[in-house]
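Student: Quick one: the structure is below, questions incoming.
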Amino acid sequence: MKMIIIIVQDHDADTLTQAFTAGNFRVTRVASTGGFMRSGVVTMLLGVEDTQVDAAIKVAHDALPSSPDKKRATLFVVPVQHFEQI
């Protein structure tokens, strides 16, 4: 299992959340601040199976196309050693 952490600007968060839910991914949004002038950002957390990582990243790329001069998201994929729902 992997945890995908995506940091996006406030104005892109709804678009990305809708894209993930349409792709049958469950996403948790956490409001945060950062960057220049402490602009509003959203941190999204997705727990996915190893086989779903590429599909989730593709959803992010398709929902938020970037250009060479402007990146729209920062994405991390980290391994999860233990997961349980209580």
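Student: I'd like to know how the chain sits against the 2.2 N^0.38 Å rule of thumb: what's its Cα Rg over that expected value?
Tutor: Normalised Rg, Cα atoms only: 1.09.
Student: Work through the residues other than H11 whose Cβ is under 14 Å from its Cβ and net out their charges, Lys, Arg +1 and Asp, Glu -1.
Tutor: Charge balance near H11 sits at 0.
Student: To continue, here is another question. To test your reading of the geometry: what angle, between 0 and 90 degrees and rounded to tens, separates the Cα axis of helix 10-22 from the longest principal axis of the chain?
Tutor: 30 degrees
Student: Right, something else. For D54, what charge total do you get from the other residues with a beta carbon under 15 Å from its beta carbon, if Lys and Arg give +1 and Asp and Glu give -1?
Tutor: Neighbour charge sum, excluding D54 itself: -1.
Student: Turning to a different aspect of this structure: When only C-alpha pairs under 8 Å and at least 6 residues apart count, what is the relative contact order of the stretch 1-76, in percent?
Tutor: This gives 45 percent for the stretch 1-76.
Student: If you plug each phi of the stretch 48-62 into the Karplus form 6.51 cos²θ - 1.76 cosθ + 1.60 with θ = phi - 60°, what whole-Hz ³J(HN,Hα) values come out, in order, with x for Gly and Pro?
Tutor: Couplings: 9, 5, 3, 6, 9, 4, 4, 5, 5, 5, 4, 4, 5, 4, 5 Hz.
Each value in this text was obtained by applying a stated rule to the coordinates, not by laboratory testing. Everything numeric in this text was worked out from a predicted model, so none of it was measured. In this analysis, Cβ positions are derived from the backbone assuming ideal geometry, glycine residues included, and neighbour counts consider all displayed protein chains.
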